[in-house]
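Notes follow once the structure below has been shown.
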Amino acid sequence: MEESISKSVMAFITITTVVVLFSFFVWVFPGFFFTNDLKEITTAKPYTALELAGRDVYMAEGCVACHTQMVRNLEPERKRYGRPNKMEDDVYEFNFLWSSQRTGPDLTNIGLKYTEGWHKQHLINPQAVVPASIMPQYPWLFEKEIKVSNVIASMQAMKKLGVPYTDTQIENAPTKVEGKTRGDALISYLMSLGVDTREEGGDLN
Amino acid sequence: MYENEEKLTKAFVIAAIIWGVIGMCIGLMAALQLYLPQLNFANEYINFGKIRPLHTNAIIFGLVCNFIIGLSLYIVAKTSVVNLISKGLSWFLFWGWQITLVIGLISIALGYTSTKEYAEFEWPIDIAIVVLWLTFGYIFFGTLAKRKTKHIFVSNWFSGGVIIVIGLIYLINNLAIPVYAFKGYSIFSGASDALVQWWWGHNAVGFLLTAGFVGTNYYFIPKLVNRPIYSYRLSLITFWGLIGFYTWAGTHHLLFTSVPTWIQNIGIVMSILLWIPSWAGAYNAWMTCTSNKEEMRKNPVVWFFLSSIAYYALATFEGPLMAIRWFNMIAHNTSWVIGHVHSGALGWVGMTCIATFYYFIPKLYKKELYSYGLVKVHFVLAHVGVLFYIVSLWIGGIGQGVKSLSLTESGSLTYSFVDILRFMEPYMLGRAIGGALFILGMLVMVYNLIMTVKKTQKVVIEGAY
C-alpha cells in the first residue's frame, strides 16, 4: 500500500479519503438519524416569531463567544445552572448554540432566573447590575428595529428544516414583531430559555 | 525556471505575515477586553463577541492558510521538478483568497455569522472558500501528477492530506440552507450539529494547524540544517497516525454533554492514541534539527524550529490529557483550553512560521538576513510572551475549573460566579501581557525582514533551496 501511495496520486487521494471517512461513518453520520426519534419525545416547543428573531440576534452578536448553553450532568453544574441538557431538548436548534467557553455563565435555563426588566438593564449596562462583570454593553440593541421580512424568512427556513410551524403562525408573525427592537427580541429569547424543558425540582438556585 | 512559483510564494508569505500581525493585534484587543470591559467601547462592531471570531478567522484563514497554500505549492513544484500546472489559476487562488477573507471578516463584524467555531463565515463566503480550496487541490494534485520524480516527497503527503481532509470536513460542516443574503441555518440540529461541528473543529486544528506545518517542516528543516530527514519510517507513522486517528478525536470536545456516551468515549480513546504519531513526528523533527551540531549552536533560526517542536510535544501531551474525563471535567469551558490552544498556536504554529520566514524570505529574495542579533531579541520576546500567556491561563483556567466545581461540606456551591471572575482578573492581565510581548517580537521580525529585502547587495546562493 505504501509503495502505491508514494507513487500514484490517484491511489494517494483514494486511500486517504477512505481512511478519513471511517470516522465520519462511525460517529458523525449516525447523528443525522437521531432527529426523528428525538422529535417524538421532546418537550421543547418551536420559538415564537419574536423569540426566533431574538435567537438570530444572539447569534449575530456572537454571544456564544462567552456563554454556553450546555449544562453538564455534574452535581455542581446542576446546582449552579439547573437541569442538564438532554439530547431531545435541542432538536429544533438549527445551529446548535452550546458554545465552548464559559467566560460568562451558562444560559440554558436563564429564562427561569430573571425578569425582563433585569435583562434590559443588564444588556444596556451590565456593570450597573453586576459591578465585577466583564460583559460588553449593548445599548444599540434597543435602538434598531427588527426587519420583519427577515423573521418570516427565518421561520420559513426553519419550517423547511422540520420545525413544526403552521402557516398561520408564519402569517401572524409580522403583527408579533412589528416595531420591536433587536433588544426586545433578544430578551424574549432569553426569557424562553429553560421554560419548555422545566421539570419539578429543576429550577435554578 | 521557477520565477512564477517564487513570485507567487513571496505573495503568499507576505500575505501570511500581514494577516498574522493583524490577527494577533485583534487577539490582543480581545485579551484586553476580558480584563477591561470598557475597551468594548459599547460599540456594535468591535465588542468581544465580534472580535473573538475576527481573531480566530484572521489567524486560521489569513496566517495559516496563506502559509500552507503558498509553501505547499512551492514545495510541490520544487520536489516534483516541474512548474505549477497553471499560472493563471494560482494567481486567481491568491487574490481570490485575500478578497474572500476581507469580505468574510467584514461580514462577521456586521453580525453575519454561523456561530460555529472556526467556521463562522456565512454561506456565500463558504461557497467562495470551497471553490478556492478546490482550485488549490486541482493545482496541487495536477502538479504532483506530472512530476518528474518517481516518489511523492513526504512533505507533499501531508499537504495532500490537508487538502483532502479540510475540503471534506469544511464542506460537510457548513451545509446550510440560505435564509437571506449572508444568513443561513445549518441543516443539522442540536446534538447532531454539535457532532458535525467538532468533527470539523478538531480537524481544523489537526490538519490546518498540525499536519500542514509538519509537512513544511519536512522540507525546510533538512534544508536549513543541511542534513537528511532522520527517519523515513517515523514520518510514515506520523502520517498514517494523523490521518487514521485525528478525524476520530473530535468528540473529546463534547464530554459530559448530551451526545451519546459511546460517541464521547471514541473521542477519548482516539485522543490518547494520537499521542503516538504526534510524538513520533516531534522526535523525528527534533533529531533532524539537532543532527547538525554546529548550525544548532550558532543559528538562532534553528532554535526557533527546536522550540516549535518542543511546544508541539507539549501541546500534544496536554491534548490527550485534557481528553481524559477527570481532567476534562475541570478544563472544559475554562480558559485552560485557550491556554492549551495558544501553546499550540503561538508555540508550535507561531514558532514554525517564524523560523520558516527567517530561513526562507532571505532565500526568496536572494539576500542575507539583515540581523541575527535581532533574531535573538525576537527569540527572547517570543518565548517570554508564550510562557507568560500559557502559565497565566494554566493557573487562571485550572483555578476557574476547580472553583466552578467546588462544593462545601453541606453540598452547596463554594464560589459564586462573581468570585470566580474576581479570581481570574490578574491572570487575564497576565495573558494580555504575554500576547503583547509576542506581538512585539513579531514586529521586530517584520522590521528585520523589511531591512533584509531592502538590502542592495545580492548574494549568490549556492545550490538549490
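Values quoted throughout were computed directly from the atomic coordinates according to the rules given, and no laboratory measurement underlies them. All values reported here derive from a predicted model rather than from experimental measurement. A quick note on method: Cβ atoms are made from the backbone with ideal geometry, for glycine too, and the neighbour counts reach across all protein chains shown.
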**Request:** Please report, in debye to the nearest 20, how large the charge dipole of segment A:70-118 is about its Cα centre when each Lys and Arg carries +1 at its beta carbon and each Asp and Glu carries -1 there.
**Result:** 280 debye
**Message:** Counting C-alpha atoms alone, how compact is segment B:329-389: give Rg to one decimal and Dmax as a whole number, in angstrom.
**Reply:** 15.4, 52
**Message:** Taking every pair of distinct Cα atoms and averaging 1/r, then inverting, what Kirkwood hydrodynamic radius in Å comes out for segment B:80-208?
**Reply:** 16.0 Å
**Zero-based 5 Å bins, Cα pair distances in segment A:1-133, whole percents** = 2, 8, 11, 17, 16, 13, 8, 6, 6, 6, 4, 2, 2, 0
**Prompt:** Which lysines does residue B:10 reach when only Cα atoms under 22 Å apart count, and residues fewer than 8 places away in its own chain are ignored?
**Reply:** B:78, B:87, B:223, B:363, B:366, B:367, B:454, B:455, B:458
**Prompt:** At what distance in nm do the modelled label points of residue B:384 and residue A:167 sit from each other, each positioned 7 Å from its Cα along Cα→Cβ?
**Reply:** 7.1 nm
**Asked** Which of the listed residues, B:80, B:174, B:105, is farthest toward the dipole's positive end in segment B:76-196, when Lys, Arg count +1 and Asp, Glu count -1 at the beta-carbon?
**Response** B:80
**Prompt:** Roughly what angle does helix A:9-23 make with the longest principal axis of chain A, taking Cα atoms, 0 to 90 degrees, to the nearest 10?
**Reply:** 50 degrees
**Check: segment B:96-233 dipole with +1 on Lys, Arg Cβ and -1 on Asp, Glu Cβ, in debye** = 960 debye
**Fill in**
Taking every alpha carbon pair in the protein assembly as shown and sorting the distances into 20 angstrom bins from 0 up to the bin holding the longest one, the percent per bin comes out as 18, 53, 26, 3
**Request:** Would you please give the FRET efficiency between residue B:443 and residue B:42, computed as 1/(1 + (r/R0)^6) with r the Cβ-Cβ distance and R0 = 35 Å, to the nearest 0.05?
**Result:** 0.75
**Item:** Cross-link pairs beyond the 28 Å C-alpha cut-off, checked among B:116/B:376; A:113/A:159; A:45/A:79; A:144/B:50; A:86/A:176; A:39/B:50
**Value:** B:116/B:376; A:113/A:159; A:86/A:176; A:39/B:50
**Message:** What number results when the radius of gyration of segment B:243-378, computed over Cα atoms, is divided by 2.2 N^0.38 Å?
**Reply:** 1.29
**Request:** Apply the membrane-span-like helix rule to chain B: whole DSSP H runs, Cα extent along the own long axis of at least 27 Å, mean Kyte-Doolittle hydropathy at least 0.0. List the helices found.
**Result:** B:3-35, B:87-109, B:123-145, B:154-173, B:300-323, B:372-405, B:417-454
**Request:** Give the distance, in whole Å, between the Cα centre of segment B:1-50 and the Cα centre of segment A:102-135.
**Result:** 30 Å
**Fill in**
The distance between the Cα centres of segment B:169-219 and segment A:1-76, in whole Å, is 9 Å
**Message:** With a cut-off of 8 Å between alpha carbons and a minimum separation of six or more residues, what is the relative contact order of chain B in percent?
**Reply:** 14 percent
**Request:** Calculate the dipole size of the protein assembly as shown relative to its Cα centre from +1 charges on Lys and Arg beta carbons and -1 charges on Asp and Glu beta carbons; express the result in debye to the nearest 20.
**Result:** 2420 debye
